[in-house]
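I have placed the structure first, in the form of structure tokens, so that the comments after it can refer back to it.
Readers should treat all values here as calculations from the given coordinates under stated rules, not as data from a laboratory. In this text, all values refer to a predicted model and were calculated from it rather than measured experimentally. Here the Cβ positions follow ideal geometry from the backbone for every residue, glycine too, while neighbour counts run over all protein chains shown.
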Amino acid sequence: MIRSIVAVVTGFALIALLSIGTDLALMSAMPSLFEADGSTTSTTVLLLSIGYVGLYATLGCYLCARLAPDRPMGHALGLGALGLVFNVVGMVARWDMAPAWFHLLSVALVMVWAWLGGRMRTREMALMPSRPIAL
């Protein structure tokens with residue numbers, strides 16, 4: 001149970017740190033594209049954000065599945081479900097900070113990223129040679 005919790009928390013932390021860090025770096029590098037409250041209507045920036053968050057979410061869910069003691073896909077999808085809750089809460093709280101399509105697409109893709117991360121791990125496990133049992 002502890003290893004499962006550590007796997008989910010570690011995957012979540014990776015996603016959060018990379019996403020927030022990239023958001024801050026982007027705002028610092030291109031301040032003219034953002035309002036004072038951090039909002040933007042730039043389609044390019046919003047699509048870029050969906051792309052890098054998707055990459056980070058996939059990597060975080062893969063890491064979660066990799067650290068999981070068993071059922072890697074279940075752990076990745078569990079982290080995805082947690083991410084879905086956070087995304088829905090964030091969408092409601094910050095609805096006016098980006099266009100509706102951005103919020104809806106972001107929420108719609110959460111479980112896709114989770115599945116991809118879990119799939120990467122299950123595929124990796126399937127390709128690993130079986131180890132003989134030492135006697």
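Could you work out the local net charge near SER39, counting Lys and Arg as +1, Asp and Glu as -1, over the other residues with Cβ closer than 10 Å to its Cβ? Overall, the nearby charge balance is -2.
Below 15 angstrom from the Cβ of MET27, what's the summed charge of the other residues (Lys, Arg +1; Asp, Glu -1)?
Summing Lys/Arg as +1 and Asp/Glu as -1 gives -2.
Given their separation in residues at 0.36 nm each and the Cα-Cα distance between them, MET97 and THR43 gain 18.2 nm when the chain is fully extended.
Note on GLU124/ALA29: beta-carbon distance plugged into 1/(1 + (r/R0)^6) with R0 of 35 Å gives a FRET efficiency of 0.55. Among GLY38, PRO129, LEU67, which residue has its Cα positioned farthest towards the positive end of the charge dipole of the chain, with +1 placed on the Cβ of Lys and Arg, -1 on the Cβ of Asp and Glu, and the dipole taken about the Cα centre? Among GLY38, PRO129, LEU67, the one farthest towards the positive end of the dipole of the chain is PRO129. The modelled label-to-label distance between PHE86 and ARG3, using points 7 Å beyond Cα along the C-beta direction, is 2.4 nm. Basic side chains Lys and Arg get +1 at the Cβ, acidic Asp and Glu get -1 at the Cβ, and with that the dipole of the chain about its Cα centre reaches some 700 debye.
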